[in-house]
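Here the structure is laid out as structure tokens; the discussion comes afterwards.
The values are calculated or read from the model by the stated rules, or taken from the named source; none is laboratory data. Quick caveat: nothing in here was measured; it's all calculated off a predicted structure. Glycine also receives a Cβ, built like all others from the backbone with ideal geometry; neighbour counts cover every protein chain displayed. Surface areas here come from the heavy atoms of the whole protein model, side chains and all, with no ligands, DNA or RNA. Shrake-Rupley method; radii C 1.70, N 1.55, O 1.52, S 1.80 Å.
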Amino acid sequence: MLGHLWTRQISRSSLREGVIRNFVRNLSLYEIHNLKNPHSSPPKSQNIQIPPPTRLRGATPSNETSKKELAPTRHMPRKNVIKLTPDAVNHLRNMLNEPAMKDKLLRIGVKQKGCAGQAYSLEYIAQPEKFDEIVEQDGIRIIVARRALLQIIGSVMDYKDDELQSRFIFTNPNIKSTCGCGESFSTIK
């Protein structure tokens, strides 16, 4: 009875031959005989040699596996979500070194605003929120809002100071279109 049950399970599944060998290896000789010949009489005592189990793809390594057999892992440094130019780093350092800004972080985000749909937002925060990206470059730490990561990734933040205005300028490869004034943008979806 047991032999027929196991025969049905093996014939229905799409197991590889190595798995079946491992499965059969744990059965008694009587059960093996029943798997091979379900309608015959029990075998006479025989010396049956069973091949050793084969290692299957995706199997967990045993304690006997040496470290050389396992794939080496490398810890590579992550690239920053946004890069800062030297002018931006200098201006941010001056801004964050003021006494009123002690223990504050600059957070870059994107808000729904303007004619093209989105605009950058800069705000000071005390602590980053969960899943915000912390960018460190040249001793400056800025935060990228988690909801803005896909719009900001790969951007370069620069600082321009001319006769009319001082501002941060973002060079963003994800921008599809901008409005006429340059204040707002829309990204590739």
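A few remarks follow.
- Scoring R167 on the criteria (1) open to solvent by less than 20 Å² (accessible area, probe 1.4 Å); (2) more than 25 Å from K79 (Cβ to Cβ) leaves a single failure, condition (1).
- Qualifying residue in the range 131-138 (condition: open to solvent by 90 Å² or more (accessible area, probe 1.4 Å), of a type in the set (F, W, Y) and at negative phi): no
- Within the range 116-130, tally of residues that are surrounded by 14 or more Cβ atoms within 10 Å (Cβ to Cβ) and in contact (Cβ under 8 Å) with a residue 24 or more places away in the chain: 5
- Residue pairs meeting the criteria (Cβ under 6 Å; at least 6 apart or on separate chains; first modelled with pLDDT under 90, in the range 161-174; second open to solvent by 90 Å² or more (accessible area, probe 1.4 Å) and not in a strand (DSSP E or B)): N174/I188
- Count of the range 146-158 residues which are within 11 Å of R107 (Cβ to Cβ) and open to solvent by less than 10 Å² (accessible area, probe 1.4 Å): 1
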